[in-house]
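Asks: Before I ask anything, let me first share the structure, which is written out below as structure tokens.
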């Protein structure tokens, strides 16, 4: 799920349900990139402190660099406890995409053929 998605009440209902029923086979991954469809997430509805909120709802929380594949693998392969768990993956929107990296405009922009070729070559 995305950080913007966490503004929806139905997500928090599911978060509470999973914790209440000790669904330790549930792992949620939050793509925490700081943007959503309308603006920066902090400007629409600030989620801080997100890790503390999940912990207060009864989840086991892991928070780290969402671009670090080794860290993600390590966390996801850990044995489960009696709780659901959430991986808060701090990411940069458009990471590695030059001028689009960290930019809100990338949320809606459709790449032209030239832009796509340039970005793929840079990757």
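Asks: At 0.36 nm per residue, minus the direct Cα-Cα distance, what do residue 123 and residue 7 gain on full extension? Give it in nm, one decimal, please. Write down the numbers at each step before the final one.
Replies: Working: separation 116, 0.36 × 116 = 41.76 nm, distance 3.25 nm.
Here the segment from residue 123 to residue 7 would lengthen by 38.5 nm.
Asks: If you don't mind, another one. Starting from the Cα of residue 14, step 7 Å along the direction of its Cβ; do the same at residue 56; then give the gap between the two resulting points in nm.
Replies: That separation, rounded to one decimal, is 2.2 nm.
Asks: Something else about it: Compute the acute angle (0 to 90°) between the alpha-carbon long axis of helix 9-20 and the principal axis of greatest extent of the alpha-carbon atoms of the chain; round to the nearest 10°.
Replies: 40 degrees
Asks: Follow-up. Using alpha carbon centroids, what distance separates the stretch 58-123 and the stretch 1-46, in Å?
Replies: 15 Å
Asks: Still on this structure, I have one more. At a Förster distance of 41 Å, what's the computed FRET efficiency of residue 110 paired with residue 82, Cβ-Cβ distance as r, to 0.05?
Replies: Working: r = 45 Å, r/R0 = 1.11.
Efficiency computed from Cβ-Cβ geometry: 0.35.
Asks: A follow-up question, please. Please report the antiparallel percentage of the DSSP beta bridges confined to the stretch 1-104, to the nearest 5. Working shown, then result.
Replies: Numbers: 1 of 14 bridges.
Restricted to the stretch 1-104, the bridges split so that about 5 percent are antiparallel.
Asks: Calculate how steeply helix 113-122 sits against the longest principal axis of the alpha-carbon atoms of the chain, using the helix alpha-carbon long axis, and give the answer as 0 to 90 degrees to the nearest 10.
Replies: 70 degrees
All of the numbers you see were taken from the coordinates with simple rules; none came from a lab. In this text, all values refer to a predicted model and were calculated from it rather than measured experimentally. Cβ: placed from backbone, ideal geometry, glycine included. Neighbour counts: every protein chain shown.
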